[in-house]
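Working notes, structure below.
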């Protein structure tokens, strides 16, 4: 694996920031889809999901291997989804699948939409969690990452974002205080999206979701004073990487057969991040949450990494547009000549 040459500001700390700032959070409770599911879908299918080529591991008490939608560990590289790596950075327990023996606090299910289907969509996940408790701890960090399946399935992206806002409002009303909410990358820019023939529509829906996501975070801040909702701008991160993957020590596209997944943002399926990509997501989430809770410690307030990435992403988009325009002018001149 080549050494990464880019690091987001404020990511390298000697101690987990939760410990450094008085332990405002002592566990993670996760909701979402395959981007966060560390084994629920796999357990429900007795190990059949996610299938060949993905990472599998042993969970004590289960007679089969449990998989998650990322690549198996490569020598010298990271392992696991973003949530596994985020928990390690934060010095918090890695939330285990809810369906695992002992009932962990990761409720995410691969394939889940937002809203409810009475089984495992995100609103159902929240309902299971709230229904099993007399109160919602204010010392838990609640993470939400979903919406991609709604978009891929042709559902209304604005409604999808609003569904998640309602889930956060439910937990806030029950006592929850700390939240991580991830937006969606431009799905048309993923290798699978590019190959689908629907890249423009996927990107338009992704942008609609992300616009509503930003609005909903502001609404939650106003309607629930005192809670901390940290928006993690995955769209800006991925746009920055895709505009110049070499800057991050990565190759464009998805991991090819026999390729080293540490060198790519996307796994072989062209949609899910590699563990290397998840490392960058975990770094971003860690930095953003640190920036959000640091005022409570009396320190200075650093700019969230997502804000800086949004600027980088805008610059990247402008540069890409200029390059496209230059190519278009050249082609038109050639046609006329």
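The values are calculated or read from the model by the stated rules, or taken from the named source; none is laboratory data. From a predicted model like this one, the values you see are computed outputs, not experimental measurements. No Cβ is skipped: glycine too gets one built from the backbone with ideal geometry, and neighbour counts run over all protein chains shown.
Per this entry, residue 92 is not counted among residues that are assigned to a strand (DSSP E or B), out of contact with any helix residue (DSSP H, G or I) (no Cβ under 6 Å at 6 or more places or on another chain), within 30 Å of residue 228 (Cβ to Cβ) and touching a residue at least 24 places away in the same chain (Cβ under 8 Å).
As a summary of the residue check, residue 130 satisfies the conditions (1) part of a helix (DSSP H, G or I); (2) crowded, with 24+ Cβ neighbours inside 10 Å except for the one numbered (2).
Of all residues in the stretch 186-240, those that are touching a strand residue (DSSP E or B) at 6+ places or on another chain (Cβ under 9 Å), within 17 Å of residue 35 (Cβ to Cβ) and surrounded by fewer than 23 Cβ atoms within 10 Å (Cβ to Cβ) total 4. Please tell me if residue 185 is in a loop (DSSP other than H, G, I, E, B) and closer than 22 Å to residue 267 by Cβ. When the stated conditions are applied, residue 185 passes them.
A single member of 80, 104 is surrounded by 20 or more Cβ atoms within 10 Å (Cβ to Cβ), in a loop (DSSP other than H, G, I, E, B) and out of contact with any helix residue (DSSP H, G or I) (no Cβ under 8 Å at 6 or more places or on another chain), and it is 104. Would you say residue 217 is part of a helix (DSSP H, G or I) and either in contact with a helix residue (DSSP H, G or I) (Cβ under 7 Å, 6 or more places away or on another chain) or on the phi > 0 side of the Ramachandran plot (or both)? Considered against the rule, which asks whether it is part of a helix (DSSP H, G or I) and either in contact with a helix residue (DSSP H, G or I) (Cβ under 7 Å, 6 or more places away or on another chain) or on the phi > 0 side of the Ramachandran plot (or both), residue 217 comes out as no. The set of residues in the stretch 138-162 being touching a helix residue (DSSP H, G or I) at 6+ places or on another chain (Cβ under 8 Å), surrounded by fewer than 22 Cβ atoms within 10 Å (Cβ to Cβ) and either under 17 Å from residue 108 (Cα atoms) or free of Cβ contacts under 8 Å to residues at least 12 places away in the same chain (or both) consists of 156 alone. Considering only the stretch 172-186, state which residues are without any contact (Cβ under 8 Å) to a residue 60 or more places away in the chain and under 17 Å from residue 213 (Cβ atoms). Residues satisfying the conditions are 172, 179, 181, 183, 184, 185, 186. Taking each residue of the stretch 224-237 that is at negative phi and looking for partners that are at pLDDT below 95 and not in a helix (DSSP H, G or I) with beta-carbon atoms closer than 8 Å, six or more apart or interchain, yields 230/304.
Of the residues screened, residue 270 is not one that is out of contact with any helix residue (DSSP H, G or I) (no Cβ under 8 Å at 6 or more places or on another chain) and modelled with pLDDT of 95 or more.
Of all residues in the stretch 250-260, those satisfying the criterion of being under 19 Å from residue 193 (Cβ atoms) and either at pLDDT below 95 or in contact with a helix residue (DSSP H, G or I) (Cβ under 9 Å, 6 or more places away or on another chain) (or both) are 250, 251, 252, 253, 254, 255.
Being free of Cβ contacts under 8 Å to residues at least 24 places away in the same chain and in a helix (DSSP H, G or I), is that true of even one residue in the stretch 109-124? Yes, the stretch 109-124 contains a residue that is free of Cβ contacts under 8 Å to residues at least 24 places away in the same chain and in a helix (DSSP H, G or I). Summed over the stretch 263-280, residues that are surrounded by 24 or more Cβ atoms within 10 Å (Cβ to Cβ) and outside any strand (DSSP E or B) total 8.
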